[in-house]
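Q: Before I ask anything, let me first share the structure, which is written out below as structure tokens.
The values are calculated or read from the model by the stated rules, or taken from the named source; none is laboratory data. What you see is a predicted model; the values in this text were computed from it and never measured. Cβ atoms come from the backbone with ideal geometry, glycine included; neighbour counts cover every protein chain shown. In case anyone asks, the SASA skips ligands and DNA or RNA and just uses the protein heavy atoms, side chains included. Shrake-Rupley method; radii C 1.70, N 1.55, O 1.52, S 1.80 Å.
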Amino acid sequence: MKRYTSVLLAITLFFFSTQVFAQKYRNKEVGLIYFKVNIDPGYHAKFSEYAHLFREPVKPQQDRIIGHLTADIWDIIKQQLTNDVGMIILPLNAYGDKFSYDHYGFPNVTINRALRKGNSKFYISIDVEIGPEFMSKYVTKTSSDTSPQVIQLAPNEIKPKITIKMNIYNDKGIIPVANTKGEAIESKVITLNDKYFDGFVNPNINSPNETLYKLVNQAVKELVISVYSRK
């Protein structure tokens with residue numbers, strides 16, 4: 001009975017501590033200082049065969065695929081941080097010419113400058129990586145009757161992994177108060193076709209197929225969990 005009580009108390013305290021930690025962001029203004037989507041070069045080359053599906057870039061120097069995914073992935077992350085964590089995410093241009101911006105219109109400033117020029121309670125910087133689970137041409141395959149083996153993927157095959165890293169800073173200093181991370185790996189090898197981009201290039205977010213959109217959403221959900229668990 002004592003052991004059961006101790007375990008229950010430990011679970012209760014853990015739940016309470018994670019809730020208290022996440023509550024610190026609720027209804028607090030949060031400024032984005034950096035956001036970048038990186039695509040593995042090999043994957044970018046494969047995605048480029050479907051570049052016609054993506055929106056035309058606003059500026060000539062913008063990459064068509066990266067520009068489209070950067071805007072859409074930010075919208076997904078912003079929505080989850082707003083709805084599930086309770087952050088009040090400021091508009092990208094909230095600080096006007098006090099901040100500098102990248103080719104895609106996203107803030108690109110150091111935390112030092114943000115602390116000098118901004119007045120948000122918290123600041124976040126986010127890196128998104130889209131790439132292979134392992135090396136671009138190889139993947140570990142396991143079947144019920146064989147041991148794991150490394151096989152070479154066909155030119156139109158991928159087994160992607162999405163990694164989202166977010167540093168959270170407060171208005172007191174340049175050391176992050178939290179380093180958070182969300183990660184998702186496709187469960188099987190994907191043969192690329194235009195359906196894999198459903199949800200990003202069309203409104204079909206509930207496609208019956210495995211899609212990059214679903215994988216990104218899974219990684220974002222893991223990111224939110226990481227915020228609550230302080231990973």
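Q: Return yes when ASP75 is open to solvent by 70 Å² or more (accessible area, probe 1.4 Å), under 21 Å from the mean Cα position of the chain (by Cα) and at pLDDT 95 or above and no when it is not.
A: Numbers: open to solvent by 70 Å² or more (accessible area, probe 1.4 Å): yes; under 21 Å from the mean Cα position of the chain (by Cα): yes; at pLDDT 95 or above: yes.
Answer is yes for this residue.
Q: All but one of (1) modelled with pLDDT of 95 or more; (2) open to solvent by 80 Å² or more (accessible area, probe 1.4 Å) hold for GLU222, so report the exception by its number.
A: With respect to (1) modelled with pLDDT of 95 or more; (2) open to solvent by 80 Å² or more (accessible area, probe 1.4 Å), GLU222 is out only on (2).
Q: Which one is modelled with the highest pLDDT, of the residues in segment 206-219 that are within 18 Å of ILE130 (Cβ to Cβ), open to solvent by 50 Å² or more (accessible area, probe 1.4 Å) and not in a helix (DSSP H, G or I)?
A: GLU210
Q: If I filter segment 213-221 for residues that are under 30 Å from ILE111 (Cβ atoms) and among the β-branched types (Val, Ile, Thr), do I get at least one hit?
A: Taking segment 213-221 as the starting set, the residues that turn out to be under 30 Å from ILE111 (Cβ atoms) are 215-221.
Checking which are among the β-branched types (Val, Ile, Thr) leaves us with 216, 220.
Yes, because at least one residue in segment 213-221 is under 30 Å from ILE111 (Cβ atoms) and among the β-branched types (Val, Ile, Thr).
Q: Please count how many residues of segment 186-201 are open to solvent by 40 Å² or more (accessible area, probe 1.4 Å) and either out of contact with any Leu (no Cβ under 8 Å at 6 or more places or on another chain) or in a strand (DSSP E or B) (or both).
A: Qualifying residue count for the region: 5.
Q: Oh, and also: So which residues in segment 150-185 are open to solvent by 70 Å² or more (accessible area, probe 1.4 Å), in contact (Cβ under 8 Å) with a residue 40 or more places away in the chain and assigned to a strand (DSSP E or B)?
A: Across segment 150-185, the qualifying residues are ASN179, LYS181.
Q: A further question on this structure: Right, PHE47: part of a helix (DSSP H, G or I) and modelled with pLDDT under 50 or not? Don't jump to the end; show me each part of the working.
A: Working: part of a helix (DSSP H, G or I): yes; modelled with pLDDT under 50: no.
Taking the combined requirement at face value, the residue does not satisfy it.
Q: Is there a residue in segment 101-110 that is among the β-branched types (Val, Ile, Thr), in a loop (DSSP other than H, G, I, E, B) and open to solvent by 30 Å² or more (accessible area, probe 1.4 Å)? Can you show your working first?
A: Of all residues in segment 101-110, those among the β-branched types (Val, Ile, Thr) come to 109-110.
Filter once more, so that each one left must be in a loop (DSSP other than H, G, I, E, B): 109-110.
From the residues that got through so far, the ones that are open to solvent by 30 Å² or more (accessible area, probe 1.4 Å) too are 110.
There is at least one residue in segment 101-110 that is among the β-branched types (Val, Ile, Thr), in a loop (DSSP other than H, G, I, E, B) and open to solvent by 30 Å² or more (accessible area, probe 1.4 Å).
Q: Are there any pairs, at least 6 apart or on different chains, whose C-beta atoms fall under 8 Å, with the first in segment 205-221 and of a type in the set (Phe, Trp, Tyr) and the second in a loop (DSSP other than H, G, I, E, B) and open to solvent by less than 80 Å² (accessible area, probe 1.4 Å), and if so, which?
A: TYR213/ASP198; TYR213/GLY199; TYR213/PHE200; TYR213/ILE205; TYR213/SER207
Q: Let me ask something else about it. Identify all residues within segment 78-100 that are within 24 Å of SER226 (Cβ to Cβ), touching a residue at least 12 places away in the same chain (Cβ under 8 Å) and open to solvent by 70 Å² or more (accessible area, probe 1.4 Å); write none if there are none.
A: Step one: list which residues in segment 78-100 are within 24 Å of SER226 (Cβ to Cβ), which gives 78-90, 92.
Next, from what is left, pick out any that are touching a residue at least 12 places away in the same chain (Cβ under 8 Å): 80-81, 84-90, 92.
Residue satisfying the conditions is ILE88 alone.
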